1. What's the whole-number percent of alpha carbon pairs in the chain lying beyond 30 angstrom?
2. Around Leu106, which amide H atoms from residues at least 5 apart in sequence, or from another chain, sit under 5 Å from its own amide H, with H modelled in the peptide plane?
3. With angles folded into 0 to 90 degrees, how steeply does helix 229-243 sit against the dominant principal axis of the chain? Use alpha carbons for both and round to 10.
4. At 222 nm, what helix-only mean residue ellipticity would the chain give, in deg cm²/dmol to the nearest 500, using -39500 (n - 2.57) for each DSSP H run of four or more?
5. Looking at the chain as a GNM with Cα springs under 10 Å, which of Val50, Val78, Val170 has the largest mean-square fluctuation?
6. Nearest 10 degrees is fine. How inclined is helix 23-40 to the longest principal axis of the chain, computing both from alpha carbons?
7. Taking amide H positions as placed in the peptide plane 1.01 Å from N, state which residues far from Gly56 in sequence (5 or more) or on other chains have amide H under 5 Å from it.
8. Using Cα atoms only, what is the angle between the long axis of helix 159-171 and the major principal axis of the chain, expressed in degrees (0 to 90) to the nearest 10?
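The numbers here are math on the coordinates, done by the rules we state, and not lab data. In this text the structure is predicted, and so the values were computed from the model without any measurement. Cβ placement follows ideal geometry from the backbone for every residue including glycine, while neighbour counts extend to all protein chains displayed.
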Amino acid sequence: MKCTVCREPAVIDIRRHNAYFCPDHFLRLCRDQTAKAIKDHQMFGPDDRVLVAVSGGKDSLAVWDILLELGYRADGFVIGLGIGDYSAASTQHARDYATGRGATLLEVNLPDEYGYDIPSGSKAARRTPCSACGLTKRHLFDKAAVDGGYDVVVTGHNLDDEAAVLFGNVLHWHTEYLGRQSPVLPARAGFPRKAKPLIRLGEREMAAYCVLKGIDYIVEECPMAAGNRHLQYKESLNSVEARSPGAKFDFYHRFLTAAAPAFRIADEDDTLSRCERCGAPCSAEVCAFCRLVERATTPQPVHLGPRRRRGAANTATTTDRSTAEGHAP
Ligand code: SF4
Ligand SMILES: [Zn+2]
Ligand SMILES: [Zn+2]
């Protein structure tokens, strides 16, 4: 197996390109494909300050590394989500990368600063963990970018992620989501611009990039991801891709050029008010994040069962003190 470019020994094949690559040409391909996505979709320019949402996984560390290699002014931002050992290890990988690279990493620890973690907070708020986590991350990324004067928030969503989201949106004809599924969302009414520069590169390529660059990332999946429909969509698309290399790329990228404009929502409402608690732009008096914080940190009633114990209060419920103490602000 020889590199299609230089005929030196190859280390990876990319079937959708019908090509093999040596380490140098593969790393160059990753940089070139990222640069092309940034340019084609006008994601940001050389003078913009970029905040990379880092999870400690391969995609976010790879996109941070590629942006630094391309000469962008990119800092990282990691959130300690309180998902047990997984969060501790993820944050440590982000710190290790930043230290090794001499890059700036901003950190927020959810339990310390907001009084809840994703596993118990989502339960208290009656949301799925991923829904509470997504809302939390979006809010904190926006806040960090606005507070820090960054021009754009970059995430490590790759081709596999975006194709899986598209697959789910098409399967259920979520036309509103299809209208918003874009690799770049412009800044509006107090929200920073958002960009996904890895849309031309797949998951396997990002893992190879990290291995070849010696970037140590967290390999384990988040324990909350089990049963996630997103993973099922990825598996379905992978089996199509195995028989028809390039199908995933065409599915997503032809959507962007041929179909996405038809779903775009003409004028997003830019007349948002401010959340009376945190000041974030929102369409209600209190934003969804502040409502989540309130519910996630409110002590939960515990059902004692059908038989009342002697001496119990005149109610069938009482307060779970361990939860209350664990979530003390
Ligand atoms: S799998 Fe769900 S809970 Fe885990 S990090 Fe992702 S969004 Fe958050
Ligand atoms: Zn080569
Ligand atoms: Zn708020």
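1. Above the 30 Å cut-off, the chain has 41 percent of its Cα pairs.
2. Gly76, Phe77, Val78
3. Approximately 20 degrees, to the nearest ten.
4. Values: 14 runs with 152 residues, N = 329.
-14000 deg cm²/dmol, from helical runs alone.
5. Its mean-square fluctuation being the largest, the pick is Val170.
6. 70
7. The list, which skips near neighbours in sequence, is Leu61.
8. 60
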